[in-house]
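A.B. asks: The structure's right below; bear with me while I get my questions together.
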Amino acid sequence: MSCPSAARVEIMRLRPTHLTDFTAARRLPPRPAVARDADYDARFDAETLVYDAFIGTRGRIVLAGPPFLNLKDDLARATITALPSGADCRFEIRELDRHGQIHVEAPDGTRSLRLTCPLGTVEVVVQPSEVDIFAGRRVLFTQSRNNDLAWIQDWVRFSRDIHGADAVLVYDNGSTRYTPEELAGALAAVSGIAAVRVVDWPYKFGPQGIDARRYWDSDFGQHGVWEHARRRFLEAAASVQGSDVDEFILTPSGRSIFEAVEAEPFGVLRYEGRWVIGNDGRDPPPGKAGRRHRDYTVTRRERPVKRFGLLTVDGDRCPPKWTLVPSRIPDRAQWKIHSIGGHIPSRWMTKDFSYRHFREISDSWKYERMGREAFDPARHEVDALLAEHIAAVRWDA
């Protein structure tokens, strides 16, 4: 549906296919029962077969969903019929990291697909491609739930003024503090953005891992967002920055990260981050209503540690994020949150850019982030580069 506040802003609602539509079968958890907490089953997506089906590039229809897991063998025995033509279609199942896709070769004019397999028979509605919306644009892209609208606006303003972003794609993951229409209206109020899409994404985020390394096997939602955005919206974009609302990318040279990545032969830049923290007496009190990114400029100093006994890294660094050129990423590589799976050149890290991760720009949905640290000159510093970037942004435009 269209958003009345601006013609350049639209809200996109998807057409999922659920197992409950046609079969008693369900997706089974990949995690052993002894490693599941009390909330695991409620957070696990057992019922979504595909989030959305749409016309992709390369002459294919793409069905994107959670990983198929125990359903894969039955899906591999399917017949897929294009409607209204009645043509039988060749297809390929791709099982990725916490994500699944079916790529279907179907004739022009196909409006739906009839999938028949041992699980049952279901008709899958096919949505149009949206790649033309962002074609040639420098796109800021994220998934968000309940972030303050002012934070989202500031995140866009920063990338617009520092890096030249001119388009925004936000997946709203079931926010309860405002509607997709209110989010779209807030984005429409930011000047200088040529195209905005808010995707209503009602699917479960999924259970996260036990710690930093164990059992990252069931958080399907964000992996689905990244590949769905790529396939339905972003394949023709000039460049795409994937980040969270609490992250700003800094450029010591003053060069736009979009400009820089567009000059990269392999089309990707990855960079690490540093925490921006709240300090007593220097920043707004934790939890203060109305707090914004620009209120914070204190970071933790780098803490050099040896990795593998050879490399020196920052022991407090935040995991890498990326900016990329979609057309230079191989079709079978996977867009992931911190990396590009199956794309060897993306393993390299650049020192030309880094990002700042704002600890208190959060509602602490994942864990408590409002803990304070007393300012210690040996441990903390006022980040002059961050302050310089903040001063260059038109925060009210």
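The values are calculated or read from the model by the stated rules, or taken from the named source; none is laboratory data. None of the values given here were measured: they were computed from a predicted structure. Please note: Cβ atoms are built from the backbone with ideal geometry, for glycine as well, and neighbour counts cover all protein chains shown. Quick note on the areas: whole protein, heavy atoms, side chains included, nothing else; ligands and nucleic acids left out. Shrake-Rupley method; radii C 1.70, N 1.55, O 1.52, S 1.80 Å.
A.B. asks: Among the residues of the range 284-301, is there at least one that is polar (S, T, N, Q), open to solvent by 40 Å² or more (accessible area, probe 1.4 Å) and modelled with pLDDT under 95?
C.D. replies: There is no residue in the range 284-301 that is polar (S, T, N, Q), open to solvent by 40 Å² or more (accessible area, probe 1.4 Å) and modelled with pLDDT under 95.
A.B. asks: For a quick check of your reading of the model, give me the residue pairs whose first member lies in the range 221-245 and is outside any helix (DSSP H, G or I), whose second is open to solvent by 10 Å² or more (accessible area, probe 1.4 Å) and small (Gly, Ala, Ser), with beta-carbon atoms closer than 6 Å and at least 6 apart or on different chains.
C.D. replies: Ala236/Ala135; Ala238/Gly136
A.B. asks: Can you find a residue in the range 136-147 that is touching a His at 6+ places or on another chain (Cβ under 8 Å), at pLDDT 95 or above and charged (D, E, K, R)?
C.D. replies: For the range 136-147, residues touching a His at 6+ places or on another chain (Cβ under 8 Å), at pLDDT 95 or above and charged (D, E, K, R): present.
A.B. asks: Can you find even one residue in the range 361-382 that is outside any loop (DSSP other than H, G, I, E, B), closer than 27 Å to Asn147 by Cβ, open to solvent by 70 Å² or more (accessible area, probe 1.4 Å) and touching a residue at least 40 places away in the same chain (Cβ under 8 Å)?
C.D. replies: Yes, that holds for at least one residue.
A.B. asks: Then there is this: Among the residues of the range 183-220 satisfying the criterion of being of a type in the set (Lys, Arg) and in contact (Cβ under 8 Å) with a residue 24 or more places away in the chain, which is surrounded by the most Cβ atoms within 10 Å (Cβ to Cβ)?
C.D. replies: Within the range 183-220, the match that is surrounded by the most Cβ atoms within 10 Å (Cβ to Cβ) is Arg197.
A.B. asks: Residues of the range 106-125 being open to solvent by less than 30 Å² (accessible area, probe 1.4 Å), under 23 Å from Gly56 (Cα atoms) and small (Gly, Ala, Ser), which ones?
C.D. replies: Ala106, Ser112
A.B. asks: Of all residues in the range 156-166, how many are open to solvent by 30 Å² or more (accessible area, probe 1.4 Å) and either basic (Lys, Arg) or not in a helix (DSSP H, G or I) (or both)?
C.D. replies: 2
A.B. asks: Looking only at the range 304-343, how many residues end up being hydroxyl-bearing (Ser, Thr, Tyr), within 20 Å of Arg138 (Cβ to Cβ) and open to solvent by 70 Å² or more (accessible area, probe 1.4 Å)?
C.D. replies: 1
A.B. asks: Oh, and also: Going through Asp41, Asp45 one at a time, which residue ends up being open to solvent by 30 Å² or more (accessible area, probe 1.4 Å), at negative phi and of a type in the set (D, E, K, R)?
C.D. replies: The conditions single out Asp41.
A.B. asks: Can you pull out the residues in the range 336-353 that are under 27 Å from Ala387 (Cβ atoms) and touching a helix residue (DSSP H, G or I) at 6+ places or on another chain (Cβ under 9 Å)?
C.D. replies: Of everything in the range 336-353, those that are under 27 Å from Ala387 (Cβ atoms) and touching a helix residue (DSSP H, G or I) at 6+ places or on another chain (Cβ under 9 Å) turn out to be Thr350, Asp352, Phe353.
A.B. asks: Here is a follow-up. If I filter the range 126-155 down to residues being buried (at least 23 other Cβ atoms within 10 Å of the Cβ) and among the aliphatic types (A, V, I, L, M), which single residue comes out as nearest to the chain's Cα centre (by Cα)?
C.D. replies: The selected residue is Leu140.
A.B. asks: So if I check each of Gly267, Gly254, Gly278, Gly287, which one is touching a Lys or Arg at 6+ places or on another chain (Cβ under 9 Å) and on the phi > 0 side of the Ramachandran plot?
C.D. replies: After ruling out the rest, the residue left standing is Gly267.
A.B. asks: Which of the residues spanning the range 167-179 are of a type outside the set (D, E, K, R) and open to solvent by less than 10 Å² (accessible area, probe 1.4 Å)?
C.D. replies: Selection gives Ala167, Val168, Leu169, Val170, Tyr171.
Conditions (1) under 28 Å from Tyr171 (Cα atoms); (2) polar (S, T, N, Q); (3) assigned to a loop (DSSP other than H, G, I, E, B); (4) at pLDDT 95 or above, marked per residue:
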| site | (1), (2), (3), (4) |
| --- | --- |
| Ala24 | no, no, yes, yes |
| Arg31 | yes, no, yes, yes |
| Asp41 | yes, no, no, yes |
| Leu49 | yes, no, no, yes |
| Phe54 | yes, no, no, yes |
| Gly59 | yes, no, yes, no |
| Ala64 | yes, no, no, yes |
| Asp74 | no, no, no, yes |
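A.B. asks: Cβ-Cβ under 9 Å, sequence separation 6+ or interchain: first residue in the range 281-307 and small (Gly, Ala, Ser), partner part of a strand (DSSP E or B) and open to solvent by 50 Å² or more (accessible area, probe 1.4 Å). Which pairs?
C.D. replies: From residues that are small (Gly, Ala, Ser), there are no pairs.
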